[in-house]
Amino acid sequence: MAKMVILDRDGVVNHVAEDDITSVDDWHPISGSIEAISRLKKAGYLVTIASNHSGIARGLYDESALQAMHAKLNRLLEARGVALDGIFFCPHGPEANCICRKPKPGLLFQIAQQFSIDLAQTPMVGDNITDIKAARMANARPVLVRTGKGEYVMQNFPEALDVPVYDDLAHFVRETLRRK
């Protein structure tokens, strides 16, 4: 069975904005994140993104703006000779009460079904309590990074205290590949 790492996007791969990332010009990778994804791919891992994008439902940006952000990410990865295996996102707001919006596990279940992976063996790397909750609901392995909202989560959510914490995505990847 293939090994996979599932990543949240904002706060893990790219910097978060005060409100929301609404355009490709607002999208800036966190130092080391592109190289970290490249290292995972070259080590034989499948890498996908599972991300909430309620800004679409709120009218802050549209799906074409989101696709432009993802195209920028893909270009940066292609320059390193790799590509993501998939980007899964929820465009709904919290009021939609959909199964795909984290903390619900729908996106993770979609990924598991499409790639025939065992979520119990799969880390879900996030910076938010919703990422941790989604991973737990899907029986995946929650991982927290200090970037994005990670420090806030560590200080304000006692249920996150038993989750492995890494400084950033690059740190998580270094440790994961070292243990391999």
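So, in region 113-127, of the ones that are under 17 Å from Cys90 (Cα atoms) and over 15 Å from the mean Cα position of the chain (by Cα), which residue ends up surrounded by the most Cβ atoms within 10 Å (Cβ to Cβ)? If we take residues in region 113-127 being under 17 Å from Cys90 (Cα atoms) and over 15 Å from the mean Cα position of the chain (by Cα), then Gln114 is surrounded by the most Cβ atoms within 10 Å (Cβ to Cβ). Among the residues of region 112-131, those identified as in a helix (DSSP H, G or I), touching a residue at least 60 places away in the same chain (Cβ under 8 Å) and not acidic (Asp, Glu) are Phe115, Gln121, Thr130. Considering region 140-157, and only residues there that are among the small types (Gly, Ala, Ser) and in a loop (DSSP other than H, G, I, E, B), the residue that is surrounded by the fewest Cβ atoms within 10 Å (Cβ to Cβ) turns out to be Gly148. When you check Thr130 against the structure, is it under 21 Å from Glu175 (Cα atoms), buried (at least 17 other Cβ atoms within 10 Å of the Cβ) and of a type outside the set (A, V, I, L, M, F, W, C), yes or no? The answer is no for Thr130. Residues of region 110-125 that are of a type outside the set (Val, Ile, Thr) and closer than 18 Å to Ile99 by Cβ: Gln110, Ala112, Gln113, Gln114, Leu119, Met124.
Checking Leu108 against (1) closer than 17 Å to Ile30 by Cβ; (2) surrounded by 23 or more Cβ atoms within 10 Å (Cβ to Cβ); (3) among the aliphatic types (A, V, I, L, M), which test does it fail? With respect to (1) closer than 17 Å to Ile30 by Cβ; (2) surrounded by 23 or more Cβ atoms within 10 Å (Cβ to Cβ); (3) among the aliphatic types (A, V, I, L, M), Leu108 is out only on (1).
Yes/no matrix, rows are residues, columns are (1) within 16 Å of Ile6 (Cα to Cα); (2) assigned to a helix (DSSP H, G or I):
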position	(1), (2)
Lys72	no, yes
Leu76	no, yes
Ala83	yes, no
Lys133	yes, yes
Glu159	no, yes
Ala170	yes, yes
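Step by step: first the residues of region 1-38, then only those that are crowded, with 18+ Cβ neighbours inside 10 Å and of a type in the set (D, E, K, R), then the one that is farthest from the chain's Cα centre (by Cα). Which residue is that? Checking each candidate, the answer is Asp10.
Values quoted throughout were computed directly from the atomic coordinates according to the rules given, and no laboratory measurement underlies them. The structure presented is a predicted model; accordingly, all values stated were derived computationally and were not measured. Backbone-built Cβ (ideal geometry, glycine too); neighbour counts: all protein chains shown.
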